[in-house]
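These notes concern the structure reproduced below.
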Amino acid sequence: MINARPWFWGNRPLILVLGTLVAGCSLAPEYHRPEPPVVAAWPIVAVGDAKREAGTTAWRDFFPDPRLQALIAAAIDDNRDMRIAVARVEEARALFGIVRADRFPGVDLVSSGSSARTPGDLSLSGRPSVGHRYDVGLSLPSFELDFWGRVKNLNAAALASYLATEQARQAVRLMLIADVANAYLSLQEMEERTALARATAKTREQTRLLVSRRRDVGLAGDLDYLQADGALELARAELANLERQRVAAKNALVLLVGNEPSGLPAGRSLADQGVTPDLAVDMPSTALLQRPDVLAAEQRLIAANANIGAARAAFLPRISLTAGLGSASSALSGLFDAGQGTWSFQPVLRYPLFDSGRAGAGADLAEARQDIAVAEYEKAIQQAFREVADLLAARELLAEQLRAQQRADKLQGERLRLAEARYQAGVSSYLEVLDGQRESYAAQQAVLQTRRVLLSTAAQLYKALGGGREFSP
């Protein structure tokens, strides 16, 4: 980056002489992309057989659940944050069009008429007179000759700002896709955990009835019955807690989508989602630079770089042209007669002699904003690196955790069946059955929770690697 003041700032009397030699140049510093301020490799090695590229994998292919697909499509259409992002892109596009128009001359069709009365003491004839004038023609409003690239750099800055806004829209869209997927998976987790709690409560109600009958015939004591009754009430409390969380998860999903769509297709269970985090991960210097938020930060840096050139041009002369071509007559009927043609040409040179330091402060402001843009760009890359690194670690360790919890669930199920058989045979107390029920239920809930976290990690990794950036929903 070039941050030093131009050499000519202290030599402005030489500008007019040198101007003819450098006409048409740009005073913006040459743009160089900053080196990514991150290490060259990820702390966790990516999955060896990962072949899918996030950037070329459409979100419909990554999330095969038809219900989730319908929710994501509805969110892209109705989510308020997405609407704001789209409107901001349109705003930036319009601003770019306004700035771009300054690079080309404009032509106006102008017609006018005027009447004036001159009193006798001011008239050459000594008598009052009334004069009329009618004009029609083409006018070239003041058009700046862009010798120093001021308008060109303003145009480049506006274009980069527009592109940054478009990338920001892509980032909002991708974040929305991942957030809807995460909210849907959370709702699916709560529904499955609620169903498991409901089935557990029903089982414990049957168990309490069985213990009550055994107590009636002297095969079980009051302690066994109280333990069974307490286990049932705890199951009912857990069911109410999960129902509350399920309703909250549903409301969060509706808020993201924008409304509650009707006629949604059937969804899939967590185990059948088909969402896998098998995404290929390039080196940090390659993977991170494709993220929409990083691309947006770079475009803002490019805009700040171009604004320096526009600010520096404020120290130099400006040449603007105004011209007109048409006809004029004292009578409206003779406006288009031969010999009534008129033309005008007015070049104007403006050279800043004294502006109380306004131009210098403008250049300092542009350079300070460039320094801010550099820091924001590097910060965006660092945040992206941390996010991807965390998700890569989670991808590896959560898969291992899920496999271990599935094995634990199977073992706890065997333990519960054995404890129930021993209790039925009268060789163990009901406390052993109760302990087996608690451990088996906890293992089943842990499997559901970890599976959802693993699926959410896949969705977040898809976002972190800049996936699904196609423009169509």
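The values are calculated or read from the model by the stated rules, or taken from the named source; none is laboratory data. This structure is a prediction, so every number in the text was calculated from the model and none was measured. Neighbour counts run over all protein chains shown; Cβ positions are idealised from the backbone, glycine included.
Check whether at least one residue in the range 136-149 is of a type outside the set (D, E) and closer than 30 Å to L295 by Cα, and report yes or no. Let's see the steps before the verdict.
We begin by selecting, within the range 136-149, every residue of a type outside the set (D, E); these are 136-143, 145, 147-149.
Those still in the list that are closer than 30 Å to L295 by Cα too: 148-149.
Yes: one or more hits.
Name the single residue that is nearest to N155 (Cα to Cα) among those in the range 87-145 being polar (S, T, N, Q) and assigned to a strand (DSSP E or B).
Only one residue fits best here, namely S142.
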From the option list A228, A237, A201, A249, single residue qualifying as of a type in the set (G, A, S), farther than 30 Å from P66 by Cα and modelled with pLDDT of 90 or more is A237
Every listed condition ((1) in a helix (DSSP H, G or I); (2) farther than 30 Å from L185 by Cβ) holds for S428 save (1)
Condition set under 30 Å from V447 (Cα atoms) and in contact with a Leu (Cβ under 8 Å, 6 or more places away or on another chain), scope the range 150-185, selection surrounded by the most Cβ atoms within 10 Å (Cβ to Cβ): answer is A181
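Picking from A306, A314, A271, which residue would you name as being surrounded by fewer than 21 Cβ atoms within 10 Å (Cβ to Cβ), at pLDDT 85 or above and part of a helix (DSSP H, G or I)?
On the way: A306 fails: surrounded by fewer than 21 Cβ atoms within 10 Å (Cβ to Cβ); A314 fails: at pLDDT 85 or above.
Of the residues listed, the single one that is surrounded by fewer than 21 Cβ atoms within 10 Å (Cβ to Cβ), at pLDDT 85 or above and part of a helix (DSSP H, G or I) is A271.
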Does G230 satisfy the criteria of being over 33 Å from the mean Cα position of the chain (by Cα) and outside any helix (DSSP H, G or I)? no
Among the residues of the range 274-303, the number that are within 18 Å of A384 (Cβ to Cβ) and not in a helix (DSSP H, G or I) is 7
G324 meets each of (1) in contact (Cβ under 8 Å) with a residue 60 or more places away in the chain; (2) surrounded by fewer than 17 Cβ atoms within 10 Å (Cβ to Cβ) with one exception, condition (2)
Those residues of the range 204-225 which are modelled with pLDDT under 80 and of a type in the set (D, E) amount to D216, D222, D224
Pairing a residue in the range 92-120 that is closer than 13 Å to F143 by Cα with any residue that is surrounded by 11 or more Cβ atoms within 10 Å (Cβ to Cβ) and of a type in the set (D, E, K, R), where Cβ atoms lie under 9 Å and the two sit 6 or more apart in sequence or on different chains, gives D102/E144; D102/D146; R103/D146; R103/K152
Over the range 173-188, the set of residues more than 11 Å from the chain's Cα centre (by Cα) and over 11 Å from I76 (Cβ atoms) is A178, D179, A181, N182, A183, Y184, L185, S186, L187, Q188
Looking across the range 197-227 at residues that are aliphatic (A, V, I, L, M) and not in a helix (DSSP H, G or I), the single one that is farthest from R417 (Cα to Cα) is V217
Restricting attention to the range 224-268, the residues that are closer than 25 Å to R438 by Cα, among the aliphatic types (A, V, I, L, M) and in contact (Cβ under 8 Å) with a residue 12 or more places away in the chain number exactly 6
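Residue check: is A248 among the hydrophobic types (A, V, I, L, M, F, W, C), farther than 30 Å from A311 by Cα and within 37 Å of the chain's Cα centre (by Cα)? It would help to see each step written out before you state the result.
Details: among the hydrophobic types (A, V, I, L, M, F, W, C): yes; farther than 30 Å from A311 by Cα: yes; within 37 Å of the chain's Cα centre (by Cα): yes.
Yes: the conditions hold for A248.
Looking at N153, is it modelled with pLDDT of 80 or more, among the polar types (S, T, N, Q), touching a Ser or Thr at 6+ places or on another chain (Cβ under 9 Å) and closer than 22 Å to Q299 by Cβ? Talk me through it step by step, then tell me what you get.
Details: modelled with pLDDT of 80 or more: yes; among the polar types (S, T, N, Q): yes; touching a Ser or Thr at 6+ places or on another chain (Cβ under 9 Å): yes; closer than 22 Å to Q299 by Cβ: yes.
Considered against the rule, which asks whether it is modelled with pLDDT of 80 or more, among the polar types (S, T, N, Q), touching a Ser or Thr at 6+ places or on another chain (Cβ under 9 Å) and closer than 22 Å to Q299 by Cβ, N153 comes out as yes.
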Scanning the range 399-418 residue by residue, those within 35 Å of the chain's Cα centre (by Cα), modelled with pLDDT of 90 or more and surrounded by 14 or more Cβ atoms within 10 Å (Cβ to Cβ) turn out to be Q401, L402
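Does D135 satisfy being surrounded by 12 or more Cβ atoms within 10 Å (Cβ to Cβ), touching a helix residue (DSSP H, G or I) at 6+ places or on another chain (Cβ under 8 Å) and acidic (D, E)? Let's see the steps before the verdict.
Details: surrounded by 12 or more Cβ atoms within 10 Å (Cβ to Cβ): yes; touching a helix residue (DSSP H, G or I) at 6+ places or on another chain (Cβ under 8 Å): no; acidic (D, E): yes.
So D135 fails the test.
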It is to be established whether one or more residues within the range 397-408 are over 30 Å from R215 (Cα atoms), assigned to a loop (DSSP other than H, G, I, E, B) and out of contact with any strand residue (DSSP E or B) (no Cβ under 8 Å at 6 or more places or on another chain).
no
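F104: touching a helix residue (DSSP H, G or I) at 6+ places or on another chain (Cβ under 6 Å) and modelled with pLDDT under 80, yes or no?
Details: touching a helix residue (DSSP H, G or I) at 6+ places or on another chain (Cβ under 6 Å): no; modelled with pLDDT under 80: yes.
It is false that F104 is touching a helix residue (DSSP H, G or I) at 6+ places or on another chain (Cβ under 6 Å) and modelled with pLDDT under 80.
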Got at least one residue in the range 434-456 being farther than 30 Å from K202 by Cα, buried (at least 17 other Cβ atoms within 10 Å of the Cβ) and within 19 Å of the chain's Cα centre (by Cα)? yes
If you go through T286, T276, the only one that is exposed (fewer than 14 other Cβ atoms within 10 Å of the Cβ) and closer than 27 Å to A464 by Cα is T286
